[in-house]
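The values are calculated or read from the model by the stated rules, or taken from the named source; none is laboratory data. Computed from a predicted model, the values in this text were never measured in an experiment. Virtual Cβ from ideal backbone geometry, glycine too; neighbours counted across all protein chains shown. Ligands, DNA and RNA are stripped out before the accessible areas are found, and what is left, the full protein with its side chains, is counted by its heavy atoms. Shrake-Rupley method; radii C 1.70, N 1.55, O 1.52, S 1.80 Å.
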Amino acid sequence: MRYRKIGHTGIEVSEVSLGCWTLGGLNWVNGEANGWADVDEADVARAVDHALDRGVNHFDNADVYGNGRAERMLARVLGDRAKKLVIATKIGHFPGTAEHAYEPAHIRHQCEQSLVNLRRDYVDLYYFHHGDFGPKDRYLAGAVRVMEDLRREGKVRAVGLSAYSSDDFVRLVPSIKPDVLQSWAHAMDTQFIAEGTAVRKILDDGGLSFVAFSPLAQGLLLGKYPPGQKPQFEEGDHRRASSDFAEQNLAIVDGKVRKLKARFGDDARSLARVALQYLLSFNRVACVIPGFRSLRQVETNLAGADEPLSADDVRYVEAAFSEGPRDAGLERPAP
């Protein structure tokens, strides 16, 4: 396993880290499906054991993942081993009884509750989970103040900003002054990390790092969902209503994945290696955080963790996804 530093923080994370959205199970937030099916804690424990054996040292969580269940599950399966790891969590998508999830009192409460859930005295990376700070950024100044208070109190080591548009990053980074940015990135969409983009300029100018979620496009880049076999998902699984898994989109993605198979192999481990290492070829990307629910998934994601792509391979992947429809119309997940 290789490791990279998070910006100027001195915190080092494994290039392939793990995202914990999937650990929350089937879930609803404000009446909308926000979870995943088929979570078995015993299999999660086996997956975590394997990840630690392979050098993974960073797990990315959030209060909204199962409304706290993912944080508590991670704490249970890690036990005392968590003390030596980099643990991230987030605030913003779970409002509880607050009018807005970025009310200062709610941020403090949720931070304290996340520490209880995670069985820790501090969180290494604490993210604002999205860029909506209310009408005219009503809650922004107060949210920034309480986050800095939490840092001074030693409950937060570094502050992160997760957002889903370049405009949000451009607007918010000067006020929040985060240590790390997070959003989606995968071979079909590199708008936040590619040279010449607005967010890449922010990363370069500030010496910041980027954490890439959904690097496998929720499994689409592994060829798991061939056209003509539309998957069925349970109620409470956010993918059930997602257009990402519509027949038309599956056909577009399949055409691009076939090009990867022709060069790198058609098994899931080979495809995962290509998808993850492609993103790690971008400057400023500190790590990728594929989600996981099972030992098999973690074995797949880590199989090529120490095998970077050659420059020729990177160019091949870029060409494969620049021909025809570049972006397959994927919805933007909010893990």
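In summary, helices (runs of 4 or more DSSP H) completely within the range 215-325 and bearing 1 or more residues that are more than 30 Å from Ala198 (Cα to Cα) occur at 247-264, 268-280, 295-302. So which residues in the range 146-198 are in contact with a strand residue (DSSP E or B) (Cβ under 9 Å, 6 or more places away or on another chain), aliphatic (A, V, I, L, M) and in a loop (DSSP other than H, G, I, E, B)? Passing the criteria: Ala163, Ala185, Ile193.
So that you can scan it fast, the table gives a plain yes or no per residue for (1) in a strand (DSSP E or B); (2) without any contact (Cβ under 8 Å) to a residue 60 or more places away in the chain; (3) open to solvent by 30 Å² or more (accessible area, probe 1.4 Å); (4) over 13 Å from Trp21 (Cα atoms):
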site: Val39; (1), (2), (3), (4): no, no, yes, no
site: Val44; (1), (2), (3), (4): no, no, no, no
site: Ala51; (1), (2), (3), (4): no, no, no, yes
site: Gly66; (1), (2), (3), (4): no, yes, no, no
site: Ala70; (1), (2), (3), (4): no, yes, no, no
site: Leu74; (1), (2), (3), (4): no, yes, no, no
site: Gly79; (1), (2), (3), (4): no, yes, yes, yes
site: Ala82; (1), (2), (3), (4): no, yes, no, yes
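One residue stands out among those in the range 298-312 that are over 13 Å from Ser270 (Cα atoms) and of a type outside the set (Ser, Thr, Tyr): the one that is surrounded by the most Cβ atoms within 10 Å (Cβ to Cβ), which is Val298. For Phe210, the criteria (1) in a loop (DSSP other than H, G, I, E, B); (2) closer than 26 Å to Asn34 by Cβ hold in every case but one, which is (1).
Among the conditions (1) modelled with pLDDT of 95 or more; (2) within 17 Å of Trp28 (Cα to Cα); (3) in contact with a helix residue (DSSP H, G or I) (Cβ under 7 Å, 6 or more places away or on another chain), the only one that Ala101 does not satisfy is (3). Restricting Tyr127, Tyr122 to those that are crowded, with 16+ Cβ neighbours inside 10 Å, within 19 Å of the chain's Cα centre (by Cα) and within 30 Å of Asp49 (Cβ to Cβ) reduces the list to Tyr127.
Looking at the range 156-187 only, could you name the residues that are open to solvent by less than 50 Å² (accessible area, probe 1.4 Å), closer than 21 Å to His8 by Cα and of a type outside the set (Gly, Ala, Ser)?
First pass over the range 156-187, keeping only residues open to solvent by less than 50 Å² (accessible area, probe 1.4 Å): 156, 158-163, 165-166, 168-169, 172-173, 176, 178-187.
So of that shortlist, the ones also closer than 21 Å to His8 by Cα come out as 156, 158-163, 169, 172-173, 176, 178-183.
Val156, Val159, Leu161, Phe169, Leu172, Val173, Ile176, Pro178, Asp179, Val180, Leu181, Gln182, listed by residue number.
Restricting attention to the range 84-110, the residues that are surrounded by fewer than 18 Cβ atoms within 10 Å (Cβ to Cβ) and either touching a Cys at 6+ places or on another chain (Cβ under 9 Å) or without any contact (Cβ under 8 Å) to a residue 60 or more places away in the chain (or both) total 10.
Of the residues making up the range 1-30, those that are open to solvent by 70 Å² or more (accessible area, probe 1.4 Å) and not basic (Lys, Arg) are Tyr3, His8, Glu12, Trp28, Asn30.
Checking the condition open to solvent by less than 10 Å² (accessible area, probe 1.4 Å), within 24 Å of Ala70 (Cβ to Cβ) and touching a Ser or Thr at 6+ places or on another chain (Cβ under 9 Å), which residue from Leu279, Leu221 passes? Step through it out loud before you land on a result.
Values: Leu221 fails: touching a Ser or Thr at 6+ places or on another chain (Cβ under 9 Å).
After applying the criteria, what remains is Leu279.
Summed over the range 36-70, residues that are under 18 Å from Ser162 (Cβ atoms) and under 15 Å from the mean Cα position of the chain (by Cα) total 9.
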